1. Given S36, S90, which one is at pLDDT 90 or above and either open to solvent by 10 Å² or more (accessible area, probe 1.4 Å) or out of contact with any helix residue (DSSP H, G or I) (no Cβ under 8 Å at 6 or more places or on another chain) (or both)?
2. Is it the case that some residue within the range 184-192 is charged (D, E, K, R), without any contact (Cβ under 8 Å) to a residue 12 or more places away in the chain, surrounded by 10 or more Cβ atoms within 10 Å (Cβ to Cβ) and under 26 Å from R150 (Cα atoms)?
3. What number of residues within the range 63-74 satisfy the criterion of being closer than 17 Å to V8 by Cβ, open to solvent by 20 Å² or more (accessible area, probe 1.4 Å) and not charged (D, E, K, R)?
4. For the range 95-105, state whether one or more residues are crowded, with 20+ Cβ neighbours inside 10 Å and under 30 Å from the mean Cα position of the chain (by Cα).
5. Cβ-Cβ distance below 7 Å, separation of 6 or more or different chains: which pairs start in the range 153-177 with a residue that is without any contact (Cβ under 8 Å) to a residue 24 or more places away in the chain and in a helix (DSSP H, G or I) and end on one that is surrounded by 10 or more Cβ atoms within 10 Å (Cβ to Cβ) and not aliphatic (A, V, I, L, M)?
6. So which pairs qualify, if the first residue must be in the range 205-216 and without any contact (Cβ under 8 Å) to a residue 24 or more places away in the chain and farther than 11 Å from L161 by Cβ, the second must be of a type in the set (A, V, I, L, M) and surrounded by 12 or more Cβ atoms within 10 Å (Cβ to Cβ), the Cβ gap must be under 6 Å, and the two must be at least 6 apart or on different chains?
7. Can you give me the number of residues within the range 19-28 that are small (G, A, S) and either in a helix (DSSP H, G or I) or open to solvent by 60 Å² or more (accessible area, probe 1.4 Å) (or both)?
8. Checking L85 against (1) part of a helix (DSSP H, G or I); (2) surrounded by 13 or more Cβ atoms within 10 Å (Cβ to Cβ), which test does it fail?
Amino acid sequence: MAGSVLIVDDDQTSLAALESILDGQGYNIIRASNGSDALQKADALIPDLILVDVMMPVMDGFEVCKRIRATPKLAEMPIIILTALDDRASRLLGIESGADDFLTKPVDRQELRLRVHTIIRLNRYRTLLTQRENLRRLAESVITAQEEERKRLSRELHDDLGQALIAHILNLHNLQKDLPLEVDLLNKRIDALTADTNQTLNKMRFLAQNIRPTLLDTLGLRTALETYSYEFGLRTGLRVLFE
C-alpha cells in the first residue's frame, strides 16, 4: 500500500472525482463529508495525507486545518487545501491555517497525483528520520541507565558487602590471635562469626534479587513492582503508593 489519503468535501460529486483521480495509485482512500467527521477519522486512522475542501458548512477547510495543527497527535500530518477560490487572500489564509499546499479547483489530474505522491514520499522519509532519531535517543538512555545501574551496584558491593567481608576477616584474625580459648568462649565467638556470615549472605541474596527479581519471571512486571513497593515501604517506614 502506497499510503492512505483522507479526502474531505461536503460535495459527493467532488469526493468521487478526487477519488477517481487517485484511483489506481495504490492509496487507501478515506472519505469525510464534513469537518467534524474529518477530525474524527484523522484522529482514529492517522492518514498519510489530507485533501480538504475549503467551502464547507459549519466548519470550513481552514478551520479543519487549524484544529489539526493544534492537535499534537496530528500536528505533523500533511494537508493540501483544495478550493475554487484563487485570490491571494485565500491562499495566504490557507498558509496561515497550516496547509502544506494549496490547489485551485478544477484540479489538474496529473498535478494532483504528483503533489500527493511527492508529499507522501517526503512525509514518510521525515517519519523515518524521526524514528531513527528516537531510536538513537532511546539507545543512549538505555546505555545511560545501564551505566548508572552499574555504578549503583559497584557502590553497594564496595560500601556494604565489601565492608562486611573486611570486618569478617578482621574478626577471624582476632579469633586466631586469641587461640587457644575455652570451649564455651570459642563456641560463642564462632557463633558470632557464623551469624555475620549469614548476614553477609543475606545481603548478597538481596542484591542479586534486586538485579533480577524472581517475581519478574514467575508473576510478571506488575506484581514484581507492587511487591517491591510494599517491601520498600516496610523497610523504610515510608508510605508507598502503587498505580
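1. Details: S90 fails: at pLDDT 90 or above.
Exactly one of S36, S90 is at pLDDT 90 or above and either open to solvent by 10 Å² or more (accessible area, probe 1.4 Å) or out of contact with any helix residue (DSSP H, G or I) (no Cβ under 8 Å at 6 or more places or on another chain) (or both), namely S36.
2. For the range 184-192, residues charged (D, E, K, R), without any contact (Cβ under 8 Å) to a residue 12 or more places away in the chain, surrounded by 10 or more Cβ atoms within 10 Å (Cβ to Cβ) and under 26 Å from R150 (Cα atoms): absent.
3. Residues of the range 63-74 closer than 17 Å to V8 by Cβ: 63-71, 74.
From what is left, the residues that are open to solvent by 20 Å² or more (accessible area, probe 1.4 Å) are 63, 66-67, 69-71.
Of the ones still in play, those that are also not charged (D, E, K, R) are 70-71.
So the count comes out to 2.
4. So far as the range 95-105 goes, yes, one or more of its residues are crowded, with 20+ Cβ neighbours inside 10 Å and under 30 Å from the mean Cα position of the chain (by Cα).
5. L175/R189
6. P213/A224; L215/A224; L216/A224
7. Let us first name the residues in the range 19-28 that are small (G, A, S), namely 20, 24, 26.
Next cut, either in a helix (DSSP H, G or I) or open to solvent by 60 Å² or more (accessible area, probe 1.4 Å) (or both) only: 20, 24.
Residues in the range 19-28 being small (G, A, S) and either in a helix (DSSP H, G or I) or open to solvent by 60 Å² or more (accessible area, probe 1.4 Å) (or both): 2 in total.
8. If we test L85 against (1) part of a helix (DSSP H, G or I); (2) surrounded by 13 or more Cβ atoms within 10 Å (Cβ to Cβ), just (1) comes out false.
The values are calculated or read from the model by the stated rules, or taken from the named source; none is laboratory data. As the structure is a prediction and not an experimental result, all values here were calculated from the model. A quick note on method: Cβ atoms are made from the backbone with ideal geometry, for glycine too, and the neighbour counts reach across all protein chains shown. The protein model used for the area step is the full one, side chains on, heavy atoms only, and it has no ligands, DNA or RNA in it. Shrake-Rupley method; radii C 1.70, N 1.55, O 1.52, S 1.80 Å.
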